[in-house]
1. Somewhere in the range 15-22, is a residue at negative phi and over 12 Å from the mean Cα position of the chain (by Cα)?
2. Against the condition among the β-branched types (Val, Ile, Thr), surrounded by fewer than 17 Cβ atoms within 10 Å (Cβ to Cβ) and more than 12 Å from the chain's Cα centre (by Cα), how does residue 26 come out, does it pass?
3. Under the condition of being in contact (Cβ under 8 Å) with a residue 24 or more places away in the chain and of a type in the set (A, V, I, L, M), which residue from the range 55-71 is surrounded by the most Cβ atoms within 10 Å (Cβ to Cβ)?
4. Give all pairs with beta carbons closer than 6 Å in which a residue from the range 7-31 that is part of a helix (DSSP H, G or I) meets a residue that is among the β-branched types (Val, Ile, Thr); count only pairs at least 6 apart in sequence or on separate chains.
5. Residue 37 fails exactly one of the following numbered conditions: (1) more than 10 Å from the chain's Cα centre (by Cα); (2) without any contact (Cβ under 8 Å) to a residue 24 or more places away in the chain. What is the number of that condition?
Amino acid sequence: MLRAFIAQSPGDPFPRYGLAQELKNTGDLQGAWTEFAGLMEAFPDYVPAFLHAGNTLVALARRDEARAVYERGISVCRRVGDMKTLGEIQSALDSV
């Protein structure tokens, strides 16, 4: 169903985010990462993607890549002025 929403609304990041989260929650971490990577590429300022993408990489034991995603997310948060999410991502980065 989420893939249909993505096809109907390709300019909306939320269905892609929802699909990535659903894949992550069902244990398909590689599929989730693929969706998060595509989401961040297509919507580079979509702040919610960075924390969960990094967390997915941590779960996949890809810590260096997770750090890079978190750092990129922090930069995006600063650029768009999202200090709340910046703090969450910084905490995640500090724990990796």
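A short reminder: the numbers here are calculations on the coordinates, not readings from a lab. Source: prediction; values computed, not measured. Here the Cβ positions follow ideal geometry from the backbone for every residue, glycine too, while neighbour counts run over all protein chains shown.
1. Let us first name the residues in the range 15-22 that are at negative phi, namely 15-22.
Cutting the leftovers down to over 12 Å from the mean Cα position of the chain (by Cα) gives us 15, 22.
Yes, the range 15-22 contains at least one residue that is at negative phi and over 12 Å from the mean Cα position of the chain (by Cα).
2. Values: among the β-branched types (Val, Ile, Thr): yes; surrounded by fewer than 17 Cβ atoms within 10 Å (Cβ to Cβ): yes; more than 12 Å from the chain's Cα centre (by Cα): yes.
Yes, satisfied.
3. Of everything passing the filter in the range 55-71, 69 is surrounded by the most Cβ atoms within 10 Å (Cβ to Cβ).
4. Between residues of the range 7-31 that are part of a helix (DSSP H, G or I) and residues that are among the β-branched types (Val, Ile, Thr), the close pairs are 15/6; 16/6; 24/56; 29/56.
5. (1)
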